[in-house]
């Protein structure tokens, strides 16, 4: 069994004049594939618990992307 897990984390402030483009995610935390799993495994983030639960049930984890950006304006 394969399970897909992904995460996007951003606090949008509609009053902020700073748009949230891909560069803001790249600066704060953008990980793909195996690097995403390695970066978040063993952390206090919910996606880490998903990794643990999936593996405890014998599932293969597929994680195409995990992205976080600093609080700012609307996501482009």
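Taking the listed residues 46, 64, the one that is within 14 Å of the chain's Cα centre (by Cα), modelled with pLDDT of 95 or more and within 27 Å of residue 19 (Cβ to Cβ) is 64, with no other qualifying. Tallying residues that are in contact (Cβ under 8 Å) with a residue 12 or more places away in the chain, out of contact with any helix residue (DSSP H, G or I) (no Cβ under 9 Å at 6 or more places or on another chain) and not in a helix (DSSP H, G or I) within the range 20-50 yields 5. Consider residue 53 against the criteria (1) part of a helix (DSSP H, G or I); (2) over 22 Å from residue 11 (Cα atoms); (3) touching a helix residue (DSSP H, G or I) at 6+ places or on another chain (Cβ under 9 Å): it satisfies all of them except one. Which criterion is unmet? (3) is the only condition that residue 53 fails.
The values are calculated or read from the model by the stated rules, or taken from the named source; none is laboratory data. The structure displayed is predicted, hence computed values, not measured ones. Counting neighbours? That spans all protein chains shown, and the Cβs are built from the backbone with ideal geometry, glycine included.
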